[in-house]
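**Student:** Dumping the structure here so I can ask a few things about it.
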Amino acid sequence: MTRSGDLVYADPGDRSINLVSGTQIHTLITLQGWIPLYLCGSFSGDLLVIMTSEVEKQTKDVRYSGSTEEQSIQWDDQGKPLYTPYGTKYISENRISDICVADCIAGAVVVISAAGKLRFRYTGPPSTPGEPFYPRGITTDTRGNIMTSDQNNHRIHIIDRNGHFLRYIRNCGLERPRGLCVNSRDNLFVADSYTGKVKKIQCYK
């Protein structure tokens, strides 16, 4: 949602980013050679879009101000891809303007600074090395913590803004948690792809 309450969505079919205002649909961006996967609004009012190329199978995230491209992030300082070329990615932004991407194929949450530099990769808590980790949805709370849904393990990981594992949310009747969203009171909304329901969870007391 935009600050004014309009809905923005990606249409991979025609490679467009669209805005719904009232009953009208307006195309903001039409990509050439790239397919939009997911998007989110930033605290500055910009739009962050994670996308994959049609031919070379590369992935990047792009910041738009309106329909103008302001920033494109694809490679680390060694010229290596930040994200895996295949699979769906989910994107969010935290309170310090880090770009947070859940890369399921990589089994990692990739966090990039506002300047486009890799800050860290989270691949699961250090207490369980080698355990499968399949991050799907991703969101951030008012404290700057990052939450990501581990769909195959039926739980939510909470990590701090520096990539340190804090705790799990589990035993809440989650089957296959995917889409995540946090409101201004730090209530977490979880879309469960198995039951087709949305669950509201109070994260902090």
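**Student:** Output the residues belonging to region 17-34 that are closer than 15 Å to Arg63 by Cα and surrounded by fewer than 16 Cβ atoms within 10 Å (Cβ to Cβ).
**Tutor:** Matches in region 17-34: Leu28, Thr30.
**Student:** Can Lys200 be described as open to solvent by 40 Å² or more (accessible area, probe 1.4 Å) and at pLDDT 85 or above?
**Tutor:** So Lys200 fits the description; yes.
**Student:** Now for a separate question. Return only the number of the condition from (1) touching a Pro at 6+ places or on another chain (Cβ under 6 Å); (2) under 22 Å from Asn162 (Cβ atoms) that Ser92 does not satisfy.
**Tutor:** (1)
**Student:** Just to be sure I understand the filter: pairs with C-beta atoms under 6 Å, separated by 6 or more residues or on different chains, first member in region 188-203 and in a loop (DSSP other than H, G, I, E, B), second member among the basic types (Lys, Arg). Which pairs pass?
**Tutor:** Ser193/Arg176; Ser193/Arg178; Tyr194/Arg176
**Student:** When the residues of region 57-73 are narrowed to those that are touching a Pro at 6+ places or on another chain (Cβ under 7 Å) and open to solvent by less than 60 Å² (accessible area, probe 1.4 Å), which ends up farthest from Asp6 (Cα to Cα)?
**Tutor:** As a first pass, look at region 57-73 and keep what is touching a Pro at 6+ places or on another chain (Cβ under 7 Å): 57-59.
Filter again for open to solvent by less than 60 Å² (accessible area, probe 1.4 Å), leaving 58-59.
Numbers: Gln58: 30, Thr59: 27 Å.
Here the answer is Gln58.
**Student:** Here is a list of conditions, (1) at pLDDT below 90; (2) exposed (fewer than 13 other Cβ atoms within 10 Å of the Cβ); (3) within 27 Å of Asp98 (Cβ to Cβ), and Leu7 meets all of them except one; can you say which number that is?
**Tutor:** Unmet condition: (1).
**Student:** Is it true that some residue in region 172-187 is at pLDDT 85 or above and among the acidic types (Asp, Glu)?
**Tutor:** There is at least one residue in region 172-187 that is at pLDDT 85 or above and among the acidic types (Asp, Glu).
**Student:** Which one is modelled with the highest pLDDT among residues in region 74-93 that are touching a Phe, Trp or Tyr at 6+ places or on another chain (Cβ under 9 Å) and open to solvent by 30 Å² or more (accessible area, probe 1.4 Å)?
**Tutor:** The residue in question is Pro81.
**Student:** Tell me which residues, restricted to region 139-168, are open to solvent by less than 10 Å² (accessible area, probe 1.4 Å) and of a type outside the set (S, T, N, Q).
**Tutor:** Asp141, Gly144, Ile146, Met147, Asp150, Ile156, His157, Ile158, Ile159
**Student:** Looking only at region 94-103, filter to residues that are in contact with a Gly (Cβ under 8 Å, 6 or more places away or on another chain) and assigned to a strand (DSSP E or B); which one of those is surrounded by the most Cβ atoms within 10 Å (Cβ to Cβ)? Write out each step before concluding.
**Tutor:** Residues of region 94-103 in contact with a Gly (Cβ under 8 Å, 6 or more places away or on another chain): 94-96, 102-103.
Retained after the next criterion (residues that are assigned to a strand (DSSP E or B)): 102-103.
On the way: Ala102: 31, Asp103: 22.
Ranking the qualifying residues of region 94-103, first place goes to Ala102.
**Student:** Continuing with this model, one more query. Residues that are over 18 Å from the mean Cα position of the chain (by Cα): list the strands (runs of 3 or more DSSP E) wholly contained in region 27-84 that include at least 2 such residues.
**Tutor:** On the way: elements: 34-41, 47-53, 59-65, 68-73.
Once the strands (runs of 3 or more DSSP E) in region 27-84 are filtered for at least 2 residues that are over 18 Å from the mean Cα position of the chain (by Cα), what remains is 68-73.
**Student:** A follow-up question, please. Polar (S, T, N, Q), touching a Gly at 6+ places or on another chain (Cβ under 6 Å) and more than 24 Å from Gln71 (Cβ to Cβ), is that true of Ser149?
**Tutor:** yes
**Student:** Answer yes or no as to whether Ser127 is open to solvent by 50 Å² or more (accessible area, probe 1.4 Å), modelled with pLDDT under 95 and more than 18 Å from the chain's Cα centre (by Cα). Walk me through how you get there before you give the answer.
**Tutor:** Values: open to solvent by 50 Å² or more (accessible area, probe 1.4 Å): yes; modelled with pLDDT under 95: yes; more than 18 Å from the chain's Cα centre (by Cα): yes.
Yes.
The values are calculated or read from the model by the stated rules, or taken from the named source; none is laboratory data. A quick note: this is a predicted structure, and the numbers were derived from the prediction, not measured. When we count neighbours, we look across all protein chains shown, and the Cβ atoms used for this are built from the backbone with ideal geometry, even at glycine. Heavy atoms of the whole protein, side chains included, go into the accessibility calculation; ligands, DNA and RNA do not. Shrake-Rupley method; radii C 1.70, N 1.55, O 1.52, S 1.80 Å.
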